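The next block holds one structure in the form of structure tokens; read it before the comments.
Taken together, the values in this text are just the output of simple stated rules run on the coordinates, not laboratory data. None of these values were measured; they are calculated from a predicted model. Every residue, glycine among them, receives a Cβ derived from its backbone with ideal geometry; neighbour counts consider all protein chains shown.
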Amino acid sequence: MDLNDIQVPLLDGTETTFGDLVERKVALVVNVASRCGLTPQYEQLEALHRRFGGRGFTVIGVPSNQFLQEPGSEGGIATYCSTTWGTTFPMTAKMKLNGKHADALYKELTQIPDVNGKAGRVKWNFEKFLLGPQGERARFRPTTKPDDPAIVQLIEEWLPEKS
């Protein structure tokens, strides 16, 4: 299945496709949770979104209660993220990441290997999938911070040149 054709429900209840959501940008897709020790990564995600957004980059937050740390409603998640972390990047409705009921988006994303060549299940909240406009793909595990030099370097490589 082509990632761009996958239907994606947004946090506000509207439906779109993944392709329309990313609009051929470099995208960092991150499964997020508000009651996780890694939740402060929201701040770095928003900083990346603001730093590179004007050049064709977006963060896409994907709330999930797969690890029992995002029990709230879509409205509660939106309020929490915007008021606590000042998030402006798009977010999907809650999704299942692993198992036979995993969302189609994550069935595709989990096929991407990490730097050690390991694909498969999402291990924890804040696992990151970096996708480029020419089909480039990279995966970073949860404890890799969003502003890690390896992530920033790939974003810069995959973005159009500064004008």
- Query: Rounded, prolate or oblate: which fits the chain, taking a ≥ b ≥ c as square roots of the Cα gyration tensor eigenvalues, rounded meaning a/c under 1.5, else prolate when a/b beats b/c?
  - Reply: rounded
- Message: Could you tell me the calculated FRET efficiency between residue 4 and residue 96, based on Cβ-Cβ distance and R0 = 30 angstrom, to the nearest 0.05?
- Response: 0.90
- Calculate how many DSSP beta bridges within the chain are antiparallel, expressed in % of all such bridges and rounded to the nearest 5. 60 percent
- Query: Which whole-angstrom value gives the distance between the alpha carbon centres of region 82-112 and region 124-163?
  - Reply: 16 Å
- Mean residue ellipticity (222 nm) of the chain, computed from DSSP H runs ≥ 4 via -39,500 (n - 2.57), nearest 500: -8000 deg cm²/dmol
- Query: For residue 60, which sequence-distant residues (separation of 5 or more, or a different chain) have an amide H within less than 5 Å of its own amide H, given hydrogens modelled in the peptide plane?
  - Reply: 28, 29, 30
